[in-house]
1. Relative contact order, percent, of chain B when contacts are C-alpha pairs under 8 Å separated by at least 6 residues?
2. From the Cα gyration tensor of the protein assembly as shown, with a ≥ b ≥ c the square roots of its eigenvalues, which class applies: rounded if a/c is under 1.5, or else prolate if a/b is larger than b/c, or else oblate?
3. Tabulate in residue order the Karplus-calculated ³J(HN,Hα) for the stretch B:47-64, using 6.51 cos²θ - 1.76 cosθ + 1.60 with θ = phi - 60°, rounded to whole Hz; enter x for Gly and Pro.
4. Pick out, from B:A79, B:V116, B:G263, the residue whose Cα sits farthest towards the positive end of the charge dipole of chain B, with +1 on the Cβ of Lys and Arg and -1 on the Cβ of Asp and Glu.
5. Roughly how tilted is helix B:130-140, in degrees to the nearest 10 and between 0 and 90, from the longest Cα axis of chain B?
6. Hey, what do the phi angles of the stretch A:222-232 turn into as Karplus ³J(HN,Hα) couplings, whole Hz, using 6.51/-1.76/1.60 and θ = phi - 60°, x for Gly and Pro?
7. Given charges of +1 on the Cβ of Lys and Arg and -1 on the Cβ of Asp and Glu, with all other atoms neutral, how large is the dipole of the stretch A:118-212 about its Cα centre, in debye to the nearest 20?
8. Which order do A:I106, A:I215 fall in if you start with the one that has the fewest other Cβ atoms within 10 Å?
Amino acid sequence: MSGRSEQIQALRKARPRDRFLRGSLIAVACLVLYSLVMGDFSFTDIFSKQSQSRLATFWEYLSEKDEPGSPRDLIRIDLRSRALDATMTTLWLSIAAMFLAGLGAIVLSAFAARNLATAEPFIASQKPVTAAKRLAWGGVVWLTRGFLIIARAIPEYIWAFLLIGLFGLGAWPAVLALALHNLGILGRLGAETVENQAPQTPAALRGLGASRSKIYLTDLVPNALPRWIVYFFYRWETCVREAVILGMLGVTSLGYYIFNEARPRDLYDVMLYFTMLGVGLVFCADLLSALIRWRLRKVS
Amino acid sequence: MAKRLDQNLGSRRLLLLGIVAAGVLALVQLGITPGEMIPSDASGAGVGKFFLAALTPATGADTLLIAARAALTTLRFAALATAISVVGGFVLGFLGSTAWWPPGARRNPLRLGALVATRALITFMRSVHELLWAVLFLTAIGFSATAGVIAIAIPFIGTFAKIFSEMIDEAPRAAADALGASGASPLRVYLFGLLPLALPDILAYILYRFECALRASAVIGFFGIPTLGQYIKLAFEDLNYPVVWTYLYMLIAMVIIFDLWSGSARRRIAH
């Protein structure tokens, strides 16, 4: 029996261990502990007397019935009548943004893919390549990737806040904000898909004298397409959620009615009504996207 | 085979055409014309000024100090929200998966009801954006740092629960079946037969979500928590564009550093 436990001990000692991962784990644990100690999170905050009384007021307003025909009731009816409009605006914002992001990603993925945007794509060049040319191609990849990472690192909401401030209120800065962030993500994923493709066909095409754009459009894009469509719909789901909240910045999507119309008037039932419309819209988008992804997986 | 390939291409072409048609229709519905995409002269000057300031971010010691402190706060809120979400995600993900169920449990209406209820809850948590949760908290109980963390955590719990349950349901079943057949309780089957197999994927996904938590934590600053978002908002409203860019670069640097670290961690987990 003791031989057995010694064997187990020996196995335990010989198990694969990684210093980097272990260090990372300790660092993460320390970070979480530090955040707890710093008092960012305390239950007394949410259960304080102040928040209790606020919650009571919230329920009171929520359950209160206004006289039919009273000014408050008229506003409520007016706001509710704009539900369809707000829902459709939310939907259109998300679709327009993803359309532009998808178009941009098809173009930028080519310039960010290291196997295509290089002085010698797929096969060695017959003529010696000058250092300047190599440097120029390196610069192209570097600049494209730099742009993509900046676009991705800044969240949609912050892009929208900045662009609405600069362009003035309108649908276009909101669409541009959603498109920029998603372009950053789709462009990066797109470039990875292109880089991971089998190099045989592109090399053969290159050997026949095909240009980079011909290789990209006739081989790399068609092969990457199923994957890209999956990514596209994954992002669209998120984009619908984001389009809801961009309303808080003044675009008339669902968030506008929640934050700028219903909340200041204490019409909490209208607030929840529009929130649930958002939930319904996101749910439908999820369902459609899951359906399309499922069908794609089935046929391909 | 040829026919199937043909159908396949046909449906894909239809899908692409549908996307393009919907995209154009959306732009038309929103009244976005090519002319409108280019800012007018008046706002164009502001746009130019803002993006030119990207080349000359403010580098004063006080600005950098504020940026560093805000970045640390952003990191703290992201870490806390993610930690809470991982725990919540495991609990709900366990309840929302079926792989650990003993054979025959599928016919039990009570279990099926609980599964449907859990999945509905998961979907609901996920469908409301973290900022919207923040607004609801703001209205119902008043806003505090804790409410901010929970606002981020709720949709993240939903996402984790969904992904964890899917990963666990897709993990190989042989070990779980063997444990179940030798009389292990469902919880043990889950903990020792299924979870270890799905763990690499789960860890990789947590790393990816932490990047999203960083961004969410920055944005929640717009609601009064001193993360990067708050300072970006204040500096932009003062038209202090070089300072705005310092904070933006701070956020970008955080994402890049985290990306490099998580990339190498993911590669090591996969081995």
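Every read-out reported here was derived from the displayed coordinates using simple, explicitly stated rules and does not represent laboratory data. All of these numbers come straight from a predicted model, not from anything done at the bench. Every residue, glycine as well, gets a Cβ built from its backbone with ideal geometry; the counts of neighbours run over all protein chains shown.
1. Working: 263 pairs, mean separation 69.6, N = 271.
In percent, rounded to a whole number, it is 26.
2. Details: a/c = 1.36, a/b = 1.04, b/c = 1.30.
Because its axes are fairly even, with a/c under 1.5, the protein assembly as shown counts as rounded.
3. Result, rounded to whole Hz: 4, x, 4, 5, 6, 5, 5, 4, 7, 10, x, 5, 10, x, 4, 5, 4, 5.
4. B:V116
5. Taking Cα atoms only, the helix is inclined about 80 degrees.
6. Listing the rounded values in order: x, 6, 7, 4, x, 4, 4, 5, 4, 4, 4 Hz.
7. Working: 8 positive and 4 negative charges, 75 e Å.
So the magnitude is around 360 debye.
8. Details: A:I106 18, A:I215 23.
Ranking A:I106, A:I215 by Cβ neighbours within 10 Å, fewest first, gives A:I106, A:I215.
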